[in-house]
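The values are calculated or read from the model by the stated rules, or taken from the named source; none is laboratory data. From a predicted model like this one, the values you see are computed outputs, not experimental measurements. Neighbour counts are summed over all protein chains in view; Cβ atoms, including those assigned to glycine, are modelled from backbone coordinates with ideal geometry. Remember, those area values only see protein heavy atoms, side chains included, never the ligands or the DNA or RNA. Shrake-Rupley method; radii C 1.70, N 1.55, O 1.52, S 1.80 Å.
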Amino acid sequence: MVRGWTTPQLGALLLGLLLLGTPASPSDFQHHRYDELVRALLAVHSQCPYISRVYSIGRSAEGRHLYVLEVSDNPGVHEPLEPEFKYVGNMHGNEVLGRELLIKFAEFLCEEYRAGNHRIMQLVHDTRIHILPSMNPDGYEVAARQVQEGPEFNGYLVGRGNSREIDLNRNFPDLNALMYYYEKTNGRNHHLPLPDNWEQQVEPETLAVIKWMQNYNFVLSANLHGGAVVANYPFDKSRDPRIRGRTTYAASPDDKLFKKLAKAYSYAHSWMYKGWNCGDYFDEGITNGASWYSLSKGMQDFNYLYTNCFEITLELSCNKFPPASALPGEWLGNREALVSYLEQVHHGIKGMVYDENNNPIGDAEVSVSGVNHDVTSGVDGDYFRLLLPGTYTVTTTAPGYLPSTTTVTVGPAEATQLHFYLKPLPKQTLNIKQHHGKKNLSSTKVPLNLGPR
Ligand code: ZN
């Protein structure tokens, strides 16, 4: 075997050689500048108009639209009990593989749906999939121009930030410090409040993404980066400021679940799970963020602390701007992982929260005993709680209603449906505040694990 090449990379090389001399289809395996990216998304929509929609979540600092391709059997509509999923690429403008993989993935979903691939058809019917190939189109253009200028390109950081050279993955409001304080004081364990004037403190791209998160009840997400090959899970930020900079594992209340989500990607990837990549070693191809290196104001922790969404960060290539010739092999290496990870959104429990007249209750809190992180129902009254297989005691509460508790067993297959019907509180107790900052009776404390792995 050629030194330094893995079997899949060699396979891709051979495939590439076989394809030499045959005309490549125009969208196949090229880097896409901004205009080409927009055209590619619109082309997917015109190929699959009934299962797709292109929309913008806002504009970059230089005014480029941040376009999302939605794939769903009912584009533009949230169907109760159908989970929302997102993939975000190219947050660092010079890390471009995720951008290209997501364009390819969008084309793949459309083509396979049309071809009658049952697995993909089921995903499209049961999931609302949102794909943002580039969160940082301005940075990308800077990086792409540099790469065009020649092989001596050495800009490891050129185009990483947005046009104002702000690193977007250090630009989200920092909610970890508040979370770590609340852990010690039995405070709120989800949907932490944003600081005052937060809109003035973030870049336009970050603002657009936060508003996006506010408008859609995302359940699962991945953020695609480059520069290493590993699936990284929360928390990214160390718990102890004195030892920040050293490697300290920062477990979230959903640590076991996040490990399983990260492994769903690494083991479905052709070589990530092996662990040795780019001169680093990550056991099973996964890492806790803070145990690798501590990072503040990242998007991953923000998703978990501000929304119902569980996000991991995927590092997908040693070379941040791989040549176009490497893209076919990378696509083959990631294709199954992109599908398998998406399927994880269908695990755990989900259901409706109703009042006694069968009206849906939005913003109800769903607590799982033993996991100090609640989720909330969406405006349609539906909730989604990713969980590992097991038996759980689940309690749902909403202001003005009596809590309701049920035991449920979760299997390894699709989500168990569990609906709640809440009775109103007796009149005289209506004023008792039980919503914010309540002591979570059914939760147990997760021990702080501050030692290196
Ligand atoms: Zn990055």
For Leu295, indicate whether it is in contact (Cβ under 8 Å) with a residue 12 or more places away in the chain and within 24 Å of Tyr216 (Cα to Cα).
-> no
Any chance Leu97 is among the hydrophobic types (A, V, I, L, M, F, W, C), over 25 Å from Ile51 (Cβ atoms) and in contact with a Ser or Thr (Cβ under 6 Å, 6 or more places away or on another chain) = yes
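Listed here are the residues, each with its yes/no results for (1) touching a His at 6+ places or on another chain (Cβ under 7 Å); (2) more than 30 Å from Pro412 (Cβ to Cβ); (3) within 16 Å of the ligand (Cβ to nearest atom); (4) in a loop (DSSP other than H, G, I, E, B).
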| site | (1), (2), (3), (4) |
| --- | --- |
| Glu315 | yes, no, yes, no |
| Pro322 | no, yes, yes, yes |
| Ser325 | no, yes, no, no |
| Trp331 | no, no, no, no |
| Arg335 | no, no, no, no |
| Val339 | no, no, no, no |
| Gly351 | yes, no, no, no |
Quick check: anything in the stretch 124-133 within 16 Å of the ligand (Cβ to nearest atom) and touching a helix residue (DSSP H, G or I) at 6+ places or on another chain (Cβ under 6 Å)?
-> yes
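Is it the case that some residue within the stretch 236-251 is within 30 Å of Asp382 (Cα to Cα) and either without any contact (Cβ under 8 Å) to a residue 12 or more places away in the chain or in a loop (DSSP other than H, G, I, E, B) (or both)?
Start the filter on the stretch 236-251 by keeping residues that are within 30 Å of Asp382 (Cα to Cα), which leaves 236, 251.
The next check asks that each one be either without any contact (Cβ under 8 Å) to a residue 12 or more places away in the chain or in a loop (DSSP other than H, G, I, E, B) (or both); those that pass are 236, 251.
Yes, the stretch 236-251 has at least one match.
Going by the structure shown, is Phe153 more than 15 Å from the ligand (Cβ to nearest atom), open to solvent by 10 Å² or more (accessible area, probe 1.4 Å) and either aromatic (Phe, Trp, Tyr) or at pLDDT below 95 (or both)? First the steps, then the outcome.
Working: more than 15 Å from the ligand (Cβ to nearest atom): yes; open to solvent by 10 Å² or more (accessible area, probe 1.4 Å): yes; either aromatic (Phe, Trp, Tyr) or at pLDDT below 95 (or both): yes.
Yes; evaluated as a whole, the condition is true for this residue.
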Within the stretch 160-177, which residues are without any contact (Cβ under 8 Å) to a residue 60 or more places away in the chain and more than 22 Å from the chain's Cα centre (by Cα)?
-> Glu165
Go through the residues of the stretch 121-141 one by one and say whether even a single one is without any contact (Cβ under 8 Å) to a residue 24 or more places away in the chain and open to solvent by 10 Å² or more (accessible area, probe 1.4 Å).
-> yes
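Within the stretch 352-373, is even one residue closer than 30 Å to Gln201 by Cβ and small (Gly, Ala, Ser)? I'd like the intermediate steps shown before the answer.
Going through the stretch 352-373, the residues closer than 30 Å to Gln201 by Cβ turn out to be 362-363, 365, 372-373.
From what is left, the residues that are small (Gly, Ala, Ser) are 362.
Yes, because at least one residue in the stretch 352-373 is closer than 30 Å to Gln201 by Cβ and small (Gly, Ala, Ser).
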Across the stretch 187-240, what is the total count of residues that are among the polar types (S, T, N, Q) and crowded, with 22+ Cβ neighbours inside 10 Å?
-> 6
For the stretch 353-382, enumerate the residues that are under 12 Å from Thr396 (Cβ atoms), in a loop (DSSP other than H, G, I, E, B) and either hydroxyl-bearing (Ser, Thr, Tyr) or open to solvent by less than 10 Å² (accessible area, probe 1.4 Å) (or both).
-> Ala364, Ser377, Gly381
Residue match in the stretch 89-108 (condition: over 26 Å from Pro323 (Cα atoms) and either surrounded by fewer than 17 Cβ atoms within 10 Å (Cβ to Cβ) or among the basic types (Lys, Arg) (or both)) = no
Residue ID - surrounded by the fewest Cβ atoms within 10 Å (Cβ to Cβ), chosen from residues in the stretch 264-284 that are over 15 Å from Cys318 (Cβ atoms) and of a type outside the set (A, V, I, L, M, F, W, C) | Asp283
Residues of the stretch 291-313 being more than 16 Å from the ligand (Cβ to nearest atom) and either open to solvent by less than 10 Å² (accessible area, probe 1.4 Å) or under 17 Å from the mean Cα position of the chain (by Cα) (or both), in sequence order, are Tyr304, Leu305, Tyr306, Thr307, Asn308, Cys309, Phe310
Output the residues belonging to the stretch 111-133 that are in contact with a strand residue (DSSP E or B) (Cβ under 7 Å, 6 or more places away or on another chain) and farther than 16 Å from Glu79 by Cα.
-> Ile131, Leu132, Pro133
